[in-house]
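A short write-up of the structure that comes next.
The values are calculated or read from the model by the stated rules, or taken from the named source; none is laboratory data. The structure presented is a predicted model; accordingly, all values stated were derived computationally and were not measured. Positions of Cβ are backbone-derived with ideal geometry, glycine not excepted, and every protein chain shown enters the neighbour counts.
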Amino acid sequence: MTIPAYPTFPRGDSELGKPVGILTLKIDDRDVSARRGETILEVARENDIFIPTLCYLEGLSSLGACRLCLVEIKGVTKLLPACVTPVRQDMEVVTDSERLRRYRRMILELIFSERNHVCSVCVSNGHCELQTLAQKLGMTHVRFDYLYPRLAIDASHERFSIDHNRCVLCMRCVRVCDEIEGAHTWDIMHRGISARVITDLNQPWGESETCTGCSKCVQVCPTGALSEKGKSVAEMVKHKEFLPYLQIMRRNER
Amino acid sequence: MRLDEIREIARIEADREDGYRHRINVCVAAGCLSCQSASVKDAFEKEIAKRGLENWCRVKGVGCLGLCSGGPLVAIEPAGILYHTVSVSDVSDVLEALDDGPLDRLVCSGETPFFKRQKKIVLENCGRIDPERLEDYIAAGGYQALHTALTLMTPEEITREIEKSGLRGRGGAGFPTGLKWSTVAKADNETKFVICNADEGDPGAFMDRSVLESDPHRVLEGMALAARAVGANHGFIYVRAEYPLAVKRLKKAIAQAEHAGFLGNNIFHTPFRFDINVRLGAGAFVCGEETALIASIEGQLGRPRPRPPYPAEAGLWGYPTLINNVETLANIVPIIREGSQWFAGIGTEKSKGTKVFALAGRVNNTGLIEVPMGTSLREIVFEIGGGIKEGKQFKAAQTGGPSGGCIPEHSLDLPMDYESLAQVGSIMGSGGMIVMDETSCMVDVARYFMEFCRSESCGKCVPCRVGTTQIHELLGKITNGTGTAGDLTKLEELCDLVKHTSLCGLGQTAPNPVMSTLRHFREEYRAHIEDRFCPAGVCRMGRGKEGE
Amino acid sequence: MGKIRMATSWLDGCSGCHMSLLDMDEQLIDIVGKVDIVYGPLVDAKVIPEGIDVVLVEGAVSTDADVEKLRLLRERSAILVSLGDCAVTANVPGMRNRFPLAEVLKRGYEENAPLNAQIPREDLPHLLDKARPLHEFVPVDVFLPGCPPPADAIVYMLQELLAGRIPDLSNKSRFGA
């Protein structure tokens, strides 16, 4: 009679002796665990803790530009952007305070005052990340004078158009085109309040020689700035699902 | 090159100089050059040749002599006479007077506080050596500190000297230089970089420019010392293209240093190698911010990125990078040469050494000054600066450029050091100092600086991009007489937001001029809003939005 | 308790917010029982009365007449509600703001006029350089964005006001809704 062997596993020697890459920290007084190298935002989202973001998009490099994801960290005087700040052992993070709420609302007010955002006539009305954030963060009006810049619409592309009036300069289009599509059609020109996204060397989009027409930029754009032609008010629904999908596929390739 | 060779060059130079009875030093730094000092120098040369005095007199172009408001400046050695506003037509008179004592109508008394109150460490060679001749620098003791450091000190010892000296970054924030060096030194990487930040962009500031134009080798030697201390083999100088003379002299100095073996492989026959490349900035103020500067060197859009990681960990192309400003690096050589004890004996408890200021505005003597840390604002304005022009009333001094603040009259006795300036809501900054009298409107001053920040914001983060624009709009309303009481609240809220939520130093400090004037000159804001009246008479009130 | 004296007003807007106000179905009966509408497009009153408790203002401020009317309403009302996107953000009327006024008038009255093209100059309110939200002119107590704000949000707001509370409307409506 043979004794059935218990299933055993070979010892994982590669990781042996190394510190385990797991750490614990507190977010909003909740104990959470995290992998070393994760950002505060990633850990917060894993634990269903809401931190507002606008320029951040999972699957793209992080910019830390919109400043909506700023959080307070105990013992650190400066506010830090959750999207680029890695977690540390025993860190204590506050994602929601009166001060943060006030700053976030003001940042939204500034974005709304910067260009000509007219939600009621926008293709993305009802499906816009900026609009949703305004509602979610309780921004009911803009206290600063609107700047009303005179901005153009480029509808030279066969299937898409860009309305600079609705652009928030999150650079998602620039990043997705560069990092995912590999075309680098989009970039930024000028600086400060005059900055705006351009295709190629500021040629009309329709004349771009690098644009592959993949529409990734349109899909990741948080507002109605980039849209598909033929869509009327509130008809433009974006599909960002391809990004995580692409990430998974790429991971599996390796 | 060996030490005895350096000493030989220095000796030959000294002998040659001593051979002349009169040595005429004409300032050829940017300030004097702009008032035709080059043609004054030519005229001296021609006149000396005409009179056959070549063996008695020699003419030399030197770096900044300091009193820029008196340019073109000419110094006569060894008599120690300084002439101001020398024109081509004065040349023969000056030559006539060489043997018989000074020419009264042009002489500047060296006994005035402008010269006596200064202490020159960073600018010790400025106005003494020909910036385009390596031999001049060597004769002034140049490259001996590097030799000492490479042959007699370990990298750790160099860093420790800098730590003990108490030197703090002269670029603005005042971070301890030694600590920065030791951080980079500890970073575990074969490849490291040293960057010299010469993207001096504050309006009115020209300290770094003068150092680069007057004594470029000092910066190269400082960089080599830094590289040795932190273990770097490559250096970059990021200098703004608006400083063509500095660029030219730097490039010339680098070529000379390479030729002489002070840069390159096996410096002083040691295994140490170090090279320096010059990179030109294209005119963006934000590229003075270290991460934006690094992005610019990498060939990317000159925009900052969030820190951490700091450049000490992941800087240029991701490698550990030491980045110091020109004036900081210009302090390294004297510290190694004279020792940290000597340096730590100058200045205040927490701010050591000297600080170079570009003194400008409504004072009688404008120019470049170097004073020990802790010198009071009163001494700078009323003694060195010779008081306010036309006997008017001092109102405020603005330090730190667009990132700094205004210091009011009741703080005139404030010692100029990092902590004291921070207490009154200003910063040391790179050393710009603009003196204002009763004819300046503080709201208008704040508006001016905000206009600068608004147009120099890179546009990456929302608070800085839109916040500075909105603050500028509000200040525009207040200065044209359409401001409301609510605007003052909005102004304060926006300043608070931009200060605490902006990505980089530009945004985080941009509200300083507004906040400091609101703090010290609130009644002026009130007068603009409540009485529609500009007390200084600067703002043209009553130009409302409608009908503009 | 006496009835609440309520006024409504319509500046540069499309009247959609008033439509939404009337769109509250049977709840209108309940509200009407508690308020007297003393001024506005829904009633026949020639002058703005004194002593208004609540005024709902629709539309952006586009003319000198709008400014005057808004100031009067503010003066005579305890609570002023900025009703709808035009009042809160200038919305569609504000879309002309990125163009100079002269260009706007030329486009509207000359280039796009099929016949008798001329810019009207007399007997009409003077257009402001820009159409602006109410709170840039007068203090506003309650903001209810939306294009138009949903009837339910208006009902909620009125019920809260009738109960003597300043409502939190941040999650009841949104821009463009």
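Worth a mention:
- Test for B:Glu5: is it surrounded by 15 or more Cβ atoms within 10 Å (Cβ to Cβ), of a type in the set (D, E, K, R) and more than 29 Å from B:Thr112 (Cα to Cα): no
- Scanning the stretch C:119-133 for residues that are outside any loop (DSSP other than H, G, I, E, B) and at the interface with chain A (Cβ under 9 Å from one of its Cβ atoms), we see that the one that is nearest to C:Gly59 (Cα to Cα) is C:Arg132.
- All conditions in (1) in contact with a Leu (Cβ under 8 Å, 6 or more places away or on another chain); (2) without any contact (Cβ under 8 Å) to a residue 60 or more places away in the chain; (3) charged (D, E, K, R); (4) surrounded by fewer than 17 Cβ atoms within 10 Å (Cβ to Cβ) hold for A:Glu241, with the sole exception of (1).
- Meets criteria (basic (Lys, Arg), on the phi < 0 side of the Ramachandran plot and in contact with a strand residue (DSSP E or B) (Cβ under 6 Å, 6 or more places away or on another chain)) for B:Lys116: no
- Checking every residue in the stretch C:153-169 against the condition of being in contact with a Cys (Cβ under 8 Å, 6 or more places away or on another chain), in a loop (DSSP other than H, G, I, E, B), within 9 Å of another protein chain (Cβ to nearest Cβ) and surrounded by 17 or more Cβ atoms within 10 Å (Cβ to Cβ) gives zero matches.
- Residue list for the stretch A:87-113, filter: in contact (Cβ under 8 Å) with a residue 40 or more places away in the chain and closer than 21 Å to A:Ile193 by Cβ: A:Arg104, A:Ile107, A:Leu108, A:Ile111
- Members of the stretch C:141-150 that are buried (at least 20 other Cβ atoms within 10 Å of the Cβ), in contact with a Lys or Arg (Cβ under 9 Å, 6 or more places away or on another chain) and more than 8 Å from chain A (Cβ to nearest Cβ): C:Gly146, C:Pro149
- Taking (1) among the small types (Gly, Ala, Ser); (2) farther than 17 Å from C:Leu158 by Cα; (3) crowded, with 18+ Cβ neighbours inside 10 Å in turn, C:Ser20 satisfies each apart from (2).
- In the stretch B:1-81, counting only strands (runs of 3 or more DSSP E) that sit wholly within it, the ones holding 1 or more residues that are at negative phi and at pLDDT below 90 span B:74-77.
- Check on B:Ser455, under 21 Å from B:Gly401 (Cβ atoms) and buried (at least 18 other Cβ atoms within 10 Å of the Cβ): no
- If you go through the stretch A:220-230 and keep only what is surrounded by 15 or more Cβ atoms within 10 Å (Cβ to Cβ) and among the basic types (Lys, Arg), you end up with nothing.
- Tallying residues that are small (Gly, Ala, Ser) and assigned to a strand (DSSP E or B) within the stretch B:197-242 yields 2.
- Consider the stretch C:1-15 and keep the residues that are touching a Pro at 6+ places or on another chain (Cβ under 9 Å) and over 16 Å from C:Val61 (Cα atoms). The one that is surrounded by the fewest Cβ atoms within 10 Å (Cβ to Cβ) is C:Arg5.
- Applying the set (1) modelled with pLDDT of 95 or more; (2) closer than 29 Å to A:Ser194 by Cα; (3) surrounded by fewer than 23 Cβ atoms within 10 Å (Cβ to Cβ) to A:Gly59 leaves exactly one unmet item: (1).
- Some residue of the stretch B:114-128 being over 20 Å from the mean Cα position of the chain (by Cα) and surrounded by fewer than 20 Cβ atoms within 10 Å (Cβ to Cβ): yes
- For the stretch B:444-480, residues that are closer than 25 Å to B:Ala536 by Cα and basic (Lys, Arg) total 3.
- Of the helices (runs of 4 or more DSSP H) lying entirely inside the stretch B:125-185, those containing at least 2 residues that are closer than 21 Å to B:Ala29 by Cβ and of a type in the set (A, V, I, L, M, F, W, C) span B:134-139.
- Cross-chain or 6+ apart pairs with Cβ under 6 Å, the stretch B:478-507 first and at pLDDT 95 or above, then among the polar types (S, T, N, Q): B:Leu494/B:Gln470; B:Lys499/B:Gln508; B:Ser502/B:Gln508
- Output for the stretch A:152-182, where each listed residue is of a type outside the set (A, V, I, L, M), closer than 22 Å to A:Phe112 by Cβ and within 14 Å of chain B (Cβ to nearest Cβ): A:His164, A:Cys167, A:Cys170, A:Arg172
- Number of the exception - C:Thr63 against (1) in contact with a Ser or Thr (Cβ under 6 Å, 6 or more places away or on another chain); (2) surrounded by fewer than 21 Cβ atoms within 10 Å (Cβ to Cβ): (1)
- If only residues of the stretch B:457-470 that are facing chain A (nearest Cβ under 7 Å) and in a helix (DSSP H, G or I) are counted, the one that is farthest from B:Arg540 (Cα to Cα) is B:Val462.
- Qualifying residue in the stretch C:117-140 (condition: crowded, with 19+ Cβ neighbours inside 10 Å, of a type in the set (Val, Ile, Thr) and closer than 19 Å to A:Cys119 by Cα): no
- Identification of helices (runs of 4 or more DSSP H) wholly contained in the stretch C:18-96 with 3 or more residues that are away from chain A (no Cβ under 14 Å) and over 19 Å from C:Leu127 (Cα atoms) yields C:27-34, C:64-76.
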